[in-house]
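Following: one structure in structure tokens, then a few remarks.
The values are calculated or read from the model by the stated rules, or taken from the named source; none is laboratory data. Just so you know, these numbers come straight off a predicted model, no measurement behind them. Methodologically, a virtual Cβ is constructed for each residue, glycine included, from the backbone with ideal geometry; neighbour enumeration extends over all protein chains shown.
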Amino acid sequence: MLIKRLTVLAVAFIIAGCGAFVQTPQEKEETAALVKDAIQNTDVYIVIDRIQPRAFPQKESMEGYTVSIKDGLLKCYLPYIGRADFSFPNEDAIAVDADNVPVNVKTTLNPPRRKCDALLEFSFENRYNYEIFYVTVEVYYNGIAYIKVDSQYRDFINYTGHFEKRPVKKEKK
């Protein structure tokens, strides 16, 4: 009886989770166009939904974590959960942090041996401790992005996010 209840509960959670990504055909087309345009123009704006550390349980992301690449500049501030081989000078240095750091993004459409629609690869230096992060972004035309951040000094960490239109900055009067 307990197994039957747990199974029903698990199926309900799966159905509820799948319902969050149901799109009309028009919404699917709009999302695919947004993603294709972002890749073609290297104007990427990804909102982070989940944090998936290597050796710890995954968790939902707090609002406000994004990865942005525009005009060859990377901007992100992502939380880090995991093990590192060195100490950090301050709390901010733990994060995966870039503030308008120049990056050369290698883009591969329909990469071999992968199920994603595009693969973005780049590296950058953390501004606090000269650590190099190697980043791989698997992009899907349904708007989902899987981001892997790796470093030689700490455990890799993954993030799951989705593409959004870049917020328009309001002009100050």
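Within the range 109-131, restricting attention to residues that are among the aromatic types (Phe, Trp, Tyr) and more than 19 Å from the chain's Cα centre (by Cα), the residue that is surrounded by the fewest Cβ atoms within 10 Å (Cβ to Cβ) is Tyr130. When Arg83 is tested against the conditions (1) modelled with pLDDT of 90 or more; (2) under 22 Å from Asp49 (Cα atoms), the lone failure is (1). Considering only the range 59-66, I want to know if a residue exists there that is touching a residue at least 40 places away in the same chain (Cβ under 8 Å), among the small types (Gly, Ala, Ser) and part of a strand (DSSP E or B). Scanning the range 59-66 turns up no residue that is touching a residue at least 40 places away in the same chain (Cβ under 8 Å), among the small types (Gly, Ala, Ser) and part of a strand (DSSP E or B).
Considering the conditions (1) within 11 Å of the chain's Cα centre (by Cα); (2) in contact (Cβ under 8 Å) with a residue 60 or more places away in the chain, Val105 is excluded by exactly one of them, (1).
Residues that are closer than 19 Å to Ile132 by Cβ, among the charged types (D, E, K, R) and either surrounded by 15 or more Cβ atoms within 10 Å (Cβ to Cβ) or modelled with pLDDT under 90 (or both) occur in the range 42-58; there is at least one. When the range 144-173 is filtered for residues that are of a type in the set (D, E, K, R) and either part of a strand (DSSP E or B) or under 16 Å from Tyr45 (Cα atoms) (or both), the ones remaining, listed by number, are Lys148, Asp150, Arg154, Glu164, Lys165, Arg166, Lys169.
Taking the stated definitions as given, is Lys106 modelled with pLDDT under 85, of a type in the set (Lys, Arg) and either surrounded by 12 or more Cβ atoms within 10 Å (Cβ to Cβ) or farther than 27 Å from Glu27 by Cα (or both)? Against the criterion (modelled with pLDDT under 85, of a type in the set (Lys, Arg) and either surrounded by 12 or more Cβ atoms within 10 Å (Cβ to Cβ) or farther than 27 Å from Glu27 by Cα (or both)), Lys106 does not qualify. Restricting Lys36, Lys115 to those that are at pLDDT 85 or above and part of a helix (DSSP H, G or I) reduces the list to Lys36.
Scanning the range 62-78 for residues that are surrounded by fewer than 19 Cβ atoms within 10 Å (Cβ to Cβ) and not acidic (Asp, Glu) returns Met62, Gly64, Ser68, Lys70, Gly72, Leu73, Lys75, Tyr77. So, Tyr134, is that one modelled with pLDDT under 80 and either within 23 Å of Gln52 (Cα to Cα) or surrounded by fewer than 18 Cβ atoms within 10 Å (Cβ to Cβ) (or both) or not? For Tyr134, the condition - modelled with pLDDT under 80 and either within 23 Å of Gln52 (Cα to Cα) or surrounded by fewer than 18 Cβ atoms within 10 Å (Cβ to Cβ) (or both) - is not met.
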